[in-house]
Amino acid sequence: IDQLKKIIEKNARKKISLATLYNTVHAFERKGYLKEISLKGNQTFFDTNTRSHHHFYDEEASQLTDIKNENISVNNLPKIPNGKKIKDIEITINIANNNQKHKNI
């Protein structure tokens with residue numbers, strides 16, 4: 001959202017309220033023009049591709065890249081709770097440079 005705010009202000013040569021921008025983006029989301037993707041609890045992306053698909057998430061660049069549904073196969077799903085059905089499955093694969101150290105948990 002911050003990058004979008006900067007682009008709008010640069011092109012319009014006027015200041016825009018961050019609240020106005022958030023309200024507009026969320027209105028687009030409610031209408032189905034954008035899809036909200038939350039990562040790590042504090043990062044949110046808004047995707048213009050609202051069809052069912054998956055993502056690579058580049059941790060260093062903070063960038064999402066689409067993966068087509070047909071490129072991922074999901075097997076052995078757990079039992080679905082009674083009275084519920086699967087609405088969608090979204091897989092996000094976190095990626096990093098080969099030389100990046102990973103923390104052991």
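The values are calculated or read from the model by the stated rules, or taken from the named source; none is laboratory data. Since the structure is predicted, the reported quantities are computational estimates derived from the model, not experimental observations. Note that each Cβ is placed from the backbone with ideal geometry, even for glycine, and that neighbours are counted across all protein chains shown. Heads up: the accessible areas ignore ligands, DNA and RNA and are worked out on the full protein's heavy atoms, side chains in. Shrake-Rupley method; radii C 1.70, N 1.55, O 1.52, S 1.80 Å.
Worth pointing out:
- Amide hydrogen neighbours beyond the local backbone of ILE67, cut-off 5 Å, H modeled: HIS54, HIS55, PHE56
- Calculated FRET value between HIS26 and ALA61, using beta carbons and R₀ = 22 Å, to 0.05: 0.30
- For the pair LEU39 and ASN75, the difference between a 0.36 nm per residue extended length and the Cα-Cα distance amounts to 10.6 nm.
- Accessible area expressed per residue, the chain, with surrounding protein chains retained (probe 1.4 Å, Å²): 86
- In the chain, the longest principal axis of the Cα atoms and the axis of helix 2-12 are about 30 degrees apart.
- Cβ-placed point charges (K, R +1; D, E -1), dipole of the chain about Cα centre in debye, nearest 20: 400
- Annotation: amide H-H contacts under 5 Å for ILE16 (H modelled 1.01 Å from N, sequence separation of 5 or more, or interchain): none.
- The 3J(HN,Hα) values that the Karplus relation (6.51, -1.76, 1.60; θ = phi - 60°) gives for the stretch 63-78 are, in residue order, 10, 9, 10, 5, 10, 5, 3, 5, 8, 10, 10, 10, 10, 6, 5, x Hz. Gly and Pro appear as x.
- Built amide H within the under 5 Å cut-off of LEU34, gap 5+: GLU29
- Report summary: the helix-based calculation at 222 nm, which adds -39500 (n - 2.57) for every DSSP H run with n ≥ 4 and divides by the residues of the chain, gives -7500 deg cm²/dmol.
- Per-residue extension of 0.36 nm, minus the Cα-Cα distance of LYS87 and ASN11, leaves a gain of 23.4 nm for this segment.
- Longest DSSP-loop-exposure-free segment, trypsin sites (Lys or Arg not before Pro), the chain, at most 16 other Cβ within 10 Å: 16-39
- Nonlocal Lys pairs with alpha-carbon distance under 20 Å, the stretch 1-82 (8 or more apart, or different chains): 6
- Sorting GLU9, GLU36 on solvent-accessible area from highest to lowest, probe radius 1.4 Å, gives GLU36, GLU9.
- The accessible surface of the chain, taken with every protein chain in place and a 1.4 Å probe, is 49 percent carbon and sulfur.
- Principal-axis tilt of helix 18-31 within the chain, Cα atoms, nearest 10 degrees: 50
- Shape of the chain, Cα gyration tensor, a/c cut at 1.5: oblate
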